[in-house]
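The values are calculated or read from the model by the stated rules, or taken from the named source; none is laboratory data. These numbers were taken from a predicted model, which means no experiment stands behind them. Because the Cβ atoms are built from the backbone with ideal geometry, glycine has one as well, and the counts that use them run over all protein chains shown.
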Amino acid sequence: MSVKIGYLLPTRERIMDDEPSTARLIELAEKAETLGYDSLWVGDSLFARPRHEPMTLLAGVATRTQRVELGTAVLLPALRNPVLLAHQAATLDQLCQGRLILGLGIAGDVPNIRAEFEAAGVPFEKRVGRLLEGVKLCRALWSGEEVNWDGLWSVKGATLGPTPARPGGPLLWSGGHVPGAIKRAGRYFDGWFPTGPDDASEWGSLFREIQSVAKDSGRDPAAVTGAVYLTVALDDNAEAANSRIDSYLEGYYSAPAAVIRKRQACYGGTAEGLAEWLQSFIDAGAQHLMLRFAGDHDHQLEAVSKLRAQQPW
């Protein structure tokens, strides 16, 4: 099975380090493509976890790369008007010539994210309905046909231009591994893209459940990509690597590392151990592995590239 390896650009980290210039992010994007990575990803947040705006940044990355897929990990579509999002995504997909994947989520129920929704004028409690209707409206607009829509948004006789380079629009992946997220991924989305669970066999069990939901919904289960968002720190000293992950998570989320680790898959240790850990997800059915590095990005990008050359995947 051909497995894709992706890399999360450190947009959040650049803001945490008070280094907002995008030059370094573009440099890392170009390096990852040169090293053979298959995809590049950026996260999304307004105030809860400040970072570069993902669609804008990906437009810049699109003009400096040729091959890698470009994705959001994950975008919060409920914060955005879907008509504007459809227009942005169509233009971005034209810029990258059909390489766009929109990873989508609803965000966790914590005070700073609730405040983020309030600041954007969006009701937090309605975010799932806004996500699902917004996705349907985007897909209708991406068809290039005239759209009439009467729901949370009103569209009358509108035709979007340009339409995306990819027929039907960007691939839409959904995050989360709670029961509701499992059902949504199977019924409506092109891929499943959670941050966990940490145990690969449990991830595989949930993915098989998604495939079952897809089949019961009249969809081809094989059309749903299994992906996973993994946090990695490479070090010959596993204790030092995991300590680095803990410090990283606490700075990133302003929450105890033990709490974050309960819902996110993390690996700290040697490159050889990482190969075994990644293989466990591949064996469970994962087709796309997205890596977020804690620590030196250049060193770890290169180390994983060398490691991959030694693996069957």
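Annotations for the structure displayed:
- Single residue of the range 56-81 satisfying the filter (assigned to a helix (DSSP H, G or I) and in contact with a strand residue (DSSP E or B) (Cβ under 8 Å, 6 or more places away or on another chain)) that is farthest from Leu141 (Cα to Cα): Val61
- Test: residue in the range 149-170 that is farther than 18 Å from Ala78 by Cβ, of a type in the set (Asp, Glu) and in contact with a strand residue (DSSP E or B) (Cβ under 9 Å, 6 or more places away or on another chain): yes
- Any hit, the range 37-50, residues being in a loop (DSSP other than H, G, I, E, B), within 14 Å of Phe293 (Cβ to Cβ) and under 13 Å from the mean Cα position of the chain (by Cα): yes
- Just one of the listed residues (Ala29, Ala62, Ala73, Ala89) is among the small types (Gly, Ala, Ser) and touching a Phe, Trp or Tyr at 6+ places or on another chain (Cβ under 7 Å), and it is Ala73.
Yes/no per residue for (1) in contact with a Ser or Thr (Cβ under 6 Å, 6 or more places away or on another chain); (2) of a type in the set (Ser, Thr, Tyr); (3) modelled with pLDDT under 95; (4) not in a helix (DSSP H, G or I):
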residue	(1), (2), (3), (4)
Ala107	no, no, yes, yes
Val128	no, no, no, no
Leu131	no, no, no, no
Asn148	no, no, no, yes
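- Extreme residue, surrounded by the most Cβ atoms within 10 Å (Cβ to Cβ), among residues of the range 186-199 that are in contact with a strand residue (DSSP E or B) (Cβ under 9 Å, 6 or more places away or on another chain) and closer than 17 Å to Glu133 by Cβ: Phe189
- Failed criterion for Leu84 (all others in (1) among the aliphatic types (A, V, I, L, M); (2) in contact (Cβ under 8 Å) with a residue 24 or more places away in the chain; (3) part of a helix (DSSP H, G or I) hold): (2)
- Counted residues, the range 96-116 - those being buried (at least 21 other Cβ atoms within 10 Å of the Cβ) and either touching a strand residue (DSSP E or B) at 6+ places or on another chain (Cβ under 8 Å) or of a type outside the set (A, V, I, L, M) (or both): 8
- Every test in (1) part of a helix (DSSP H, G or I); (2) out of contact with any Phe, Trp or Tyr (no Cβ under 7 Å at 6 or more places or on another chain) is passed by Trp203 save one, and that test is (2).
- The range 51-95 - residue that is acidic (Asp, Glu) and crowded, with 16+ Cβ neighbours inside 10 Å and, of those, farthest from the chain's Cα centre (by Cα): Asp93
- Pairs with Cβ under 9 Å, 6+ apart, first in the range 260-285 and over 19 Å from Phe207 (Cβ atoms), second part of a helix (DSSP H, G or I) and of a type in the set (Lys, Arg): Gly268/Arg244; Ala271/Lys306; Ala275/Arg308
- Where helices (runs of 4 or more DSSP H) fall entirely within the range 206-313, those with at least 3 residues that are under 24 Å from Ala29 (Cα atoms) are at 238-253, 271-283, 297-309.
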